[in-house]
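Chemist: First the structure, then my questions, so here it is.
The values are calculated or read from the model by the stated rules, or taken from the named source; none is laboratory data. On a predicted model such as this, the values are computed, not experimentally measured, just so you know. Neighbour counts are summed over all protein chains in view; Cβ atoms, including those assigned to glycine, are modelled from backbone coordinates with ideal geometry.
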Amino acid sequence: MAENGMPGPVCDLSSVRESVCIHTRKIFDSCRDKDCIEDLRFYPTTAAQEILSGCQMIRGGTAELLYVYTDVEPVTFNRGFYSIDMRFFYRVTLQVAAGTPRCAEAEGLCVFDKRCILFGSEGSAKIFTSDTVMDDLDIPGRVSTNLPTAVVEAVDPIVLDTRMAENCSCGCECCLAELPGYITQCFSQPLVLNDCGSRRYYVTLGQFTLVRLERDTQLLIPVYDYCIPQTECCTDDQQDPCGLFRSVAFPVSEFFPPNTVEMPKDYVSTRNYCACK
């Protein structure tokens, strides 16, 4: 066997040994979004409802993306294109000021619906597979197709704003009628979905999302060699705490406050800033 190459940038194409056919998923189309989702209805748990009943002010909060339900359907009269309907489920924790020195936490659910249209090509072949069993009948696998598959990648959202509003008596706002069981199990207490109180709570979230359509297909690619690991497995995970501390820069700005303060520009800094404002 030739000397094993390492993954990374390719400088010399002469080391390509052969072309091989592989079975993989090909990305036919993709998109990215930066959504500012305004005034999402906040559905509190029963314990959070009691905390919010004595609420004087909401001081930001944090949000966790629990699950994204996706549904892919072909677009009528537009061959090869598919609509992707997505429903985002969030667990939101609000910092509530209720007249005590320390803020209380109110946990609840927010739901966001989103749709996009991507190209996914055509084809609807049926795929049959089996698991090989020696000296016996093979176990048949589940029948599948090569229809496009939606893949959604998202990070936990940023809580941008929170507000309280008086309950609308005109019945113009729809409530959640039913939730999947795996969503309700994420909360330690039941959710209050049909609140008849005088207040309702709304959250504004910032969401970063990548969406793509993939299909199973066969591709011909150049290969160099088998990918054999070159590094040894490390079993010693002990670190020198003093060495780690020495690598930390001295916090000059903590002792000498700067004249100006820069606003956060990246995702991590912005999320931490909005969570404690």
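Chemist: Just checking, which of ASP71, ASP156, ASP85 is within 17 Å of the chain's Cα centre (by Cα), assigned to a loop (DSSP other than H, G, I, E, B) and surrounded by 11 or more Cβ atoms within 10 Å (Cβ to Cβ)? Please lay out each step first, then the result.
Modeler: On the way: ASP71 fails: assigned to a loop (DSSP other than H, G, I, E, B); ASP85 fails: assigned to a loop (DSSP other than H, G, I, E, B).
Result: ASP156 is the single residue among ASP71, ASP156, ASP85 that is within 17 Å of the chain's Cα centre (by Cα), assigned to a loop (DSSP other than H, G, I, E, B) and surrounded by 11 or more Cβ atoms within 10 Å (Cβ to Cβ).
Chemist: Limited to the range 97-123, what total is found for residues that are surrounded by 14 or more Cβ atoms within 10 Å (Cβ to Cβ) and of a type in the set (Lys, Arg)?
Modeler: 1
Chemist: Tell me, which residue of the range 104-138 that is outside any strand (DSSP E or B) and β-branched (Val, Ile, Thr) is modelled with the highest pLDDT? Write out each step before concluding.
Modeler: Kept after step one, since they are outside any strand (DSSP E or B), are these residues of the range 104-138: 120-125, 128-129, 132-138.
Still in the running and β-branched (Val, Ile, Thr): 129, 132-133.
Values: THR129: 81, THR132: 78, VAL133: 77.
Filtering first and then ranking leaves THR129.
Chemist: Only one residue in ILE58, ILE27, ILE37, ILE51 is at pLDDT below 90, of a type in the set (Val, Ile, Thr) and either in a strand (DSSP E or B) or at positive phi (or both). Which one?
Modeler: Values: ILE27 fails: at pLDDT below 90; ILE37 fails: at pLDDT below 90; ILE51 fails: either in a strand (DSSP E or B) or at positive phi (or both).
None of the other options fit; the residue is ILE58.
Chemist: Also: How many of the residues making up the range 197-214 are under 26 Å from SER83 (Cβ atoms), surrounded by fewer than 18 Cβ atoms within 10 Å (Cβ to Cβ) and among the charged types (D, E, K, R)?
Modeler: Residues in the range 197-214 being under 26 Å from SER83 (Cβ atoms), surrounded by fewer than 18 Cβ atoms within 10 Å (Cβ to Cβ) and among the charged types (D, E, K, R): 1 in total.
Chemist: Here's a follow-up. Of all the residues that make up the range 240-255, how many are among the hydrophobic types (A, V, I, L, M, F, W, C) and in a helix (DSSP H, G or I)?
Modeler: Filtering the range 240-255 for residues among the hydrophobic types (A, V, I, L, M, F, W, C) gives 242, 244-245, 248-250, 252, 255.
Filter once more, so that each one left must be in a helix (DSSP H, G or I): 242, 244-245, 252, 255.
Residues meeting the conditions: 5.
Chemist: Quick check: is even one residue across the range 227-249 surrounded by 10 or more Cβ atoms within 10 Å (Cβ to Cβ) and either modelled with pLDDT of 85 or more or farther than 14 Å from PHE42 by Cα (or both)? Can you show your working first?
Modeler: Looking only at the range 227-249, we keep the residues that are surrounded by 10 or more Cβ atoms within 10 Å (Cβ to Cβ), and these are 227.
With either modelled with pLDDT of 85 or more or farther than 14 Å from PHE42 by Cα (or both) added as a condition, the list becomes 227.
Yes, because at least one residue in the range 227-249 is surrounded by 10 or more Cβ atoms within 10 Å (Cβ to Cβ) and either modelled with pLDDT of 85 or more or farther than 14 Å from PHE42 by Cα (or both).
Chemist: Every residue in the range 21-44 that is of a type outside the set (D, E, K, R) and within 21 Å of ASP161 (Cβ to Cβ), please.
Modeler: Step one: of the range 21-44, the residues of a type outside the set (D, E, K, R) are 21-24, 27-28, 30-31, 36-37, 40, 42-44.
Within the range 21-44, CYS36, ILE37, LEU40, PHE42, TYR43, PRO44 qualify.
Chemist: Of a type in the set (Gly, Ala, Ser), at pLDDT below 80 and closer than 30 Å to ASP39 by Cα, is that true of SER198? Don't jump to the end; show me each part of the working.
Modeler: On the way: of a type in the set (Gly, Ala, Ser): yes; at pLDDT below 80: yes; closer than 30 Å to ASP39 by Cα: yes.
Yes: the conditions hold for SER198.
Chemist: Would you say ALA165 is modelled with pLDDT under 90 and not in a loop (DSSP other than H, G, I, E, B)? Steps first, answer last, please.
Modeler: Values: modelled with pLDDT under 90: yes; not in a loop (DSSP other than H, G, I, E, B): yes.
Against the criterion (modelled with pLDDT under 90 and not in a loop (DSSP other than H, G, I, E, B)), ALA165 qualifies.
Chemist: Follow-up question, since we're still on this one. Would you point out the residue of the range 1-24, among those that are outside any loop (DSSP other than H, G, I, E, B) and either of a type in the set (Ser, Thr, Tyr) or surrounded by 13 or more Cβ atoms within 10 Å (Cβ to Cβ) (or both), that is modelled with the highest pLDDT?
Modeler: First, the residues of the range 1-24 that are outside any loop (DSSP other than H, G, I, E, B): 13-15, 18-24.
Those still in the list that are either of a type in the set (Ser, Thr, Tyr) or surrounded by 13 or more Cβ atoms within 10 Å (Cβ to Cβ) (or both) too: 14-15, 19, 24.
Details: SER14: 72, SER15: 73, SER19: 88, THR24: 92.
Ranking the candidates gives THR24 first.
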